[in-house]
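What follows is a single structure, written as structure tokens, with notes after it.
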Amino acid sequence: MTPRLFASLRTPAYTIMRFAFGMLFWFHGAQKLFGLFGGKQQPIASLMGVAGIVEFFGGLLVAFGLVTSFAALICMGELAVAYLKVHASKAAWPIENGGEMALLYLFAFFFILTEGGGLWSIDAYLPGTRRR
């Protein structure tokens, strides 16, 4: 009985997860680009500025499910660079170098990349898109 109950929640659960990760990533971009939510505005022509652009727009695209797999791939790239440039040089393990969040986002976006927008996304309603 329980597996069937949880299976019936698969589509809404995935949609909520995709939206949550996308919006949380968007918050990081809004911090870097506009200094919102307690962040510090970064110059656009810097590595942090480019990260802010990817986080802001990539987060929105993932959250609403528009070109979801492509957006997730770009977000993964930004997170890989963030982990390797900022965190990995500090210590060997993510728990020691402060890179847990970057890796959690990276693997969440990897899952989103493989799943696409899902049934409840803008992608699902675009012409020529096959709905699952």
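For this structure, a couple of remarks:
- Estimated 222 nm signal from helices in the chain, with DSSP H stretches of n ≥ 4 weighted -39500 (n - 2.57), rounded to 500: -21000 deg cm²/dmol
- Test item: Cα-centred dipole of the chain, Lys/Arg +1 and Asp/Glu -1 on Cβ, debye: 300 debye
- For the chain, complete DSSP H runs whose alpha carbons reach 24 Å or more along their own long axis and whose mean Kyte-Doolittle score is -1.0 or higher are 10-34, 47-64.
- Cα-based radius of gyration of segment 16-79 once divided by 2.2 N^0.38 Å, which approximates compact folds: 1.03
- Here the gap between residue 23 and residue 107, fully extended at 0.36 nm per residue and compared with their Cα-Cα distance, gives a gain of 28.6 nm.
- Among (1) 28, 18, 13; (2) 33, 14, 11; (3) 26, 15, 14, the entry that matches semi-axes √(5λ) of the Cα gyration tensor in Å as calculated here: (1)
- Using a simple spin-label model with pseudo-atoms 7 Å out from Cα toward Cβ, residue 53 and residue 16 lie 3.5 nm apart.
- Counting only residues at least eight positions apart within a chain, or on another chain, the aspartates and glutamates with an alpha carbon under 17 Å from that of residue 85 are 55, 96, 100.
- Computed label-point distance, nm, for sites residue 100 and residue 36 using a 7 Å Cα→Cβ extension: 2.7 nm
- Inter-part distance, segment 1-61 to segment 99-117, computed on C-alpha centroids, equals 11 Å.
Readers should treat all values here as calculations from the given coordinates under stated rules, not as data from a laboratory. Quick caveat, the model's predicted, so the values are computed rather than measured. Cβ coordinates were reconstructed from backbone atoms using ideal geometry, including for glycine residues, and neighbour counts include every protein chain displayed.
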